[in-house]
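First the structure, in the form of structure tokens, and then the observations on it.
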Amino acid sequence: MTIHNTLLATLLACSLAPLALAQTATPQPGDPQRWYQEDSTAQAQLRTLRKEIAAALAEAKKACRLEPSATRATCLKEAQDTYRQDMANAEKLRESAHPQ
């Protein structure tokens, strides 16, 4: 699986997780209530999505550091390219995850 596919899978899982969590999870003692509330506005959804995209980049960079040195630079470049592409398409990704 390429870094791009990994990032997309992570992003999709992250964008769908709050919806599933809000419907099925029981708040645990000490958890902030906001963890169990779905973003109600498009702006809030977009803000959360951008945080998830940034977190996916951080995870991809961490995975790239474990690669052999010969492929590490290419891996990091692909991760950064995917980040830029996802940020540029953030609104479309939000719309697909939260259809009206």
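Listed here are the helices (runs of 4 or more DSSP H) enclosed by segment 40-100 that have at least 1 residues being among the hydroxyl-bearing types (Ser, Thr, Tyr) and at pLDDT 95 or above: 69-88. Taking (1) modelled with pLDDT under 80; (2) open to solvent by less than 80 Å² (accessible area, probe 1.4 Å); (3) not in a helix (DSSP H, G or I) in turn, Met1 satisfies each apart from (2). Is there a residue in segment 61-81 that is polar (S, T, N, Q) and in contact with a His (Cβ under 9 Å, 6 or more places away or on another chain)? Taking every residue of segment 61-81 in turn, none turns out to be polar (S, T, N, Q) and in contact with a His (Cβ under 9 Å, 6 or more places away or on another chain).
The values are calculated or read from the model by the stated rules, or taken from the named source; none is laboratory data. What you see is a predicted model; the values in this text were computed from it and never measured. Backbone-built Cβ (ideal geometry, glycine too); neighbour counts: all protein chains shown. Side chains are part of the model used for accessible areas, which takes the heavy atoms of the whole protein and leaves out ligands, DNA and RNA. Shrake-Rupley method; radii C 1.70, N 1.55, O 1.52, S 1.80 Å.
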